[in-house]
1. Which of the residues that make up the range 135-156 are crowded, with 17+ Cβ neighbours inside 10 Å and either free of Cβ contacts under 8 Å to residues at least 24 places away in the same chain or over 24 Å from Ile218 (Cβ atoms) (or both)?
2. I'd like the residue in the range 232-279 that is basic (Lys, Arg) and at negative phi and, out of all such residues, is surrounded by the fewest Cβ atoms within 10 Å (Cβ to Cβ).
3. Looking at Leu36, Leu44, can you tell me which residue is more than 16 Å from Val109 (Cα to Cα), within 20 Å of the chain's Cα centre (by Cα) and of a type outside the set (S, T, N, Q)?
4. Search the range 157-197 for residues being charged (D, E, K, R) and either outside any helix (DSSP H, G or I) or touching a strand residue (DSSP E or B) at 6+ places or on another chain (Cβ under 8 Å) (or both), and hand back the single one that is nearest to Pro221 (Cα to Cα).
5. Please enumerate the residues belonging to the range 260-270 that are part of a loop (DSSP other than H, G, I, E, B) and in contact (Cβ under 8 Å) with a residue 60 or more places away in the chain.
6. For the range 134-154, name all the residues that are outside any strand (DSSP E or B) and more than 19 Å from Ser98 (Cβ to Cβ).
7. Can you tell me which residues in the range 27-59 are of a type outside the set (D, E, K, R) and more than 30 Å from Glu157 (Cβ to Cβ)?
8. Against the condition part of a helix (DSSP H, G or I) and either charged (D, E, K, R) or crowded, with 22+ Cβ neighbours inside 10 Å (or both), how does Lys202 come out, does it pass?
Amino acid sequence: METQDYKCEVLIIGAGAAGLSAAVYCGRANRNAIVLEGKEPSSLTKSQEVQNWLGEIDTTGLGLLKKFKKHAESYESVTIMDGDVIALMLGMGVNMISTRTANITADVVVIATGTGQRKEVIKGENDLLGYGVSYSALYDGSSYKDKIVYLYGRDEEVMEDALVLNQMGCIVRVISDVGIDELPETVNKVKDGGIEVIEKMKVIEVVPDSEGMIQKIICKPTESESEENEKIKEFELSCLFILSHISSNSIFKKAGVELDDMRNIKVDDEQKTNINGVYAAGDCTGGLFQVVFAAAEGARAGINACKYLRHQQKE
């Protein structure tokens, strides 16, 4: 899969109320901004009724979100792209962010990912991110030539990455929580390539060795007739590529963004994080989890991101 290179002044990660509000303010300032819209839908889409948005007596969350997106897209300098962040370097002068299909450099970053996957989906996942747990086979796969790696997920990306890792010389195995017949047809190509596919198994824990690197995964069947048949299985490996989800704030913590005890991104009253030129807004920072607050924080982040750019350009 080929990746394309992009450059922008402001990269906004997240296309919910906070992210799109930041985009509007960047658009008004004629700043070149890219908004990344990930797989995880905004929590606003889950609101069947919204009755506290000023000027809208009764609307739906999805209806409101569509208006936000249309407003942001009305500015020529704002581009909305699909993609989840899988790797990033922040605070190095120019910020570098990667998705599966794009490498983006940005002068300023606004994180507005919402609540996302706030809790650990797999026990130990957050602690081992970068130490044998990865969200990107394309970027990290070459480090595991001749080593056993597992891919965990159920969509087309899993099958594509399994074939890529196999070409890289990794010893590849696919593990999925659904049956073979529920996986994409590409699974047949994967199996024909000699790649083992373990079906109907859920990864529940990643276990480190004495040096803090991943040693094994613990799995259990997703279907069983009784608890007696629910046998726990363990598999030793060098890397687990998780393609079923991305633990949103953990990947930012790995890049140096400070989190609080509740795993919210810490910000000051200007929405600044601890990294110069990196802001955060909305539910990812905690708070009251109300659309009006997310939009307000996004506006503040967008305004201050533009102010940061002006100061940088004067120097």
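1. Correct list: Leu138 only.
2. Lys233
3. Going through Leu36, Leu44 in turn, the sole match is Leu44.
4. Filtering first and then ranking leaves Asp177.
5. Within the range 260-270, just Arg263 meets the criteria.
6. Listed by number, the residues that qualify are Lys145, Asp146, Lys147, Arg154.
7. Of everything in the range 27-59, those that are of a type outside the set (D, E, K, R) and more than 30 Å from Glu157 (Cβ to Cβ) turn out to be Gly27, Ala29, Asn30, Gln48, Val50, Gln51, Asn52, Trp53, Leu54, Gly55, Ile57, Thr59.
8. no
The values are calculated or read from the model by the stated rules, or taken from the named source; none is laboratory data. Predicted, not measured: the structure shown is a model, and the values here were computed from it. FYI the Cβ positions are ideal-geometry reconstructions off the backbone, even for glycines, and counts take in every protein chain you see.
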